[in-house]
Each structure stands twice: as structure tokens, then as C-alpha cells.
1. Name, by its number, the condition in (1) at pLDDT below 85; (2) out of contact with any Leu (no Cβ under 6 Å at 6 or more places or on another chain) that does not hold for VAL63.
2. Within the range 152-165, does at least one residue satisfy the condition of being on the phi < 0 side of the Ramachandran plot, in a loop (DSSP other than H, G, I, E, B), touching a strand residue (DSSP E or B) at 6+ places or on another chain (Cβ under 7 Å) and at pLDDT 90 or above?
3. Taking the range 1-51 as the region of interest, how many residues are basic (Lys, Arg), more than 30 Å from ILE72 (Cα to Cα) and part of a strand (DSSP E or B)?
4. Just name the residue that is surrounded by the most Cβ atoms within 10 Å (Cβ to Cβ) out of those in the range 24-40 that are farther than 23 Å from LYS70 by Cα and touching a residue at least 12 places away in the same chain (Cβ under 8 Å).
5. Condition first: surrounded by 12 or more Cβ atoms within 10 Å (Cβ to Cβ) and assigned to a loop (DSSP other than H, G, I, E, B). Can you find one or more residues in the range 108-126 that meet it?
6. For SER178, indicate whether it is under 30 Å from LYS70 (Cα atoms), at pLDDT below 90 and of a type in the set (Ser, Thr, Tyr).
7. Name the residues in the range 1-23 that are among the hydroxyl-bearing types (Ser, Thr, Tyr) and surrounded by 13 or more Cβ atoms within 10 Å (Cβ to Cβ), would you?
8. Restricting to the range 127-163, count the residues that are of a type in the set (Lys, Arg), surrounded by 14 or more Cβ atoms within 10 Å (Cβ to Cβ) and either outside the structural domain of ARG96 (by TED's automatic domain parsing) or closer than 29 Å to GLU87 by Cα (or both).
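The values are calculated or read from the model by the stated rules, or taken from the named source; none is laboratory data. Everything quoted here is computed from the prediction, not taken from an experiment. Neighbour counts are summed over all protein chains in view; Cβ atoms, including those assigned to glycine, are modelled from backbone coordinates with ideal geometry.
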Amino acid sequence: MSENTITVGTRVEHPRYGEGIVAGISLASYEIFFEQGGKVEILKSNTDLKILEIPEDAEETSVSLDDITKAISMVLDRYGILPVEAELGKKWEGGRVVIYPGNDNLQPKEIPIDVFFHKIVMVRDRLRVLEQNINSSDSLTDEEKVHIQQYITRAYGSLTTFNILFDDKSDYFVGSRSK
């Protein structure tokens, strides 16, 4: 059985539930109303379904890769997991950060600025994920959420020094005074 041939309205038969009609199709399953079993969700990978009749006016209802990509991106964005793209300011491209130790007998540490910038952006993204997790937590009270959120705001404020590295001001860290 090819999953592309099943559309909404297709009559199918299942050994356990009997005859039914496909009422909905999702990414991984079919929603089928069976005469004997009522509404049942059956995985597309299930090989027990037998097609009895495909409606003549059936429309293609397959899910495209683009649909899947949009759905996954929407979920990741909703929970703050999708990293936000931030660009290094043009004047810093190709630059380096050099850190000199207090002891002259030790060598300075040199880091490409784009690597350093990427680490700062990752800290920002992880703070955003932490915010999302706190805000969506069912086990924290509103008072606890506000209390923890204040610490995150202070962390953003501590990172405002690095705003000079960002190309776009909308990517800047914002502390409590700026809000």
C-alpha cells in the first residue's frame, strides 16, 4: 500500500476495526472513523490497512518537506530553541581578541573575534531558552518566575559591554535600566 494513494475520504479496511473512512491525515498518521471502532489514529507505517476505495475527486494531501520544515521551525521558535541570527559588526570582521595575563612570564591568549562573538551569541541564546523554560514552567509560581527573571535581566545587563560587537542594534543585550 502506498501512503500517497490514501487521501481524505478514502475507504479502508483494518483487520481489527473493520471498514472505515479516512477523515484526516497528519505527518505520521491517519485519523480514521471505523464502523466498529469509532475514531482511531493509525500510524502511516501500519501495514494492516487495506484500501477499498479512493474517492474520484480526491485531492493530493501529502505533506511536503517544506511543510515539515515550517512546522519544526515554528515549534523550535515557540520554545526559544531556534537560535536568532546575529551578525558581527563589519569593522570587527577578521579581528582578534588578545587577553594578556597579569604575569609577564605567561603568554597572551589570542582568539579570532568571530569565535569570541559566536560564544557571546550562544550565551544570549541560552539565556533566552532559560527565559522560555521559566515562563512555561508549571511548577514555578508567578512570584518565583519574576524573581528568577530579574536575575536573567541582570545577566543581560552584565553583557551590554559586548553590544559594540553586534552589527544591528536590535541584537543588543538590554539590562533592566534600558527596558
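1. It fails just one condition, (2).
2. Among the residues of the range 152-165, not one is on the phi < 0 side of the Ramachandran plot, in a loop (DSSP other than H, G, I, E, B), touching a strand residue (DSSP E or B) at 6+ places or on another chain (Cβ under 7 Å) and at pLDDT 90 or above, which makes the answer no.
3. The first filter runs over the range 1-51 and keeps only residues basic (Lys, Arg), leaving 11, 16, 39, 44, 50.
Checking which are more than 30 Å from ILE72 (Cα to Cα) leaves us with 11, 16, 50.
Imposing the further condition that a residue be part of a strand (DSSP E or B) reduces the set to 11, 50.
The number of residues fulfilling the criteria is 2.
4. First, pick out the residues of the range 24-40 that are farther than 23 Å from LYS70 by Cα: 32-40.
Those still in the list that are touching a residue at least 12 places away in the same chain (Cβ under 8 Å) too: 32-37, 39-40.
Values: ILE32: 25, PHE33: 14, PHE34: 18, GLU35: 10, GLN36: 11, GLY37: 13, LYS39: 11, VAL40: 16.
Once the filter is applied, the top-ranked residue is ILE32.
5. No; the residues of the range 108-126 include none that is surrounded by 12 or more Cβ atoms within 10 Å (Cβ to Cβ) and assigned to a loop (DSSP other than H, G, I, E, B).
6. Working: under 30 Å from LYS70 (Cα atoms): no; at pLDDT below 90: yes; of a type in the set (Ser, Thr, Tyr): yes.
When the stated conditions are applied, SER178 does not pass them.
7. Keep residues of the range 1-23 that are among the hydroxyl-bearing types (Ser, Thr, Tyr), which gives 2, 5, 7, 10, 17.
Correct list: THR7, THR10, TYR17.
8. Step one: list which residues in the range 127-163 are of a type in the set (Lys, Arg), which gives 128, 145, 154.
When the remaining residues are screened for being surrounded by 14 or more Cβ atoms within 10 Å (Cβ to Cβ), the result is 128, 145.
Still in the running and either outside the structural domain of ARG96 (by TED's automatic domain parsing) or closer than 29 Å to GLU87 by Cα (or both): 128.
Number of matching residues: 1.
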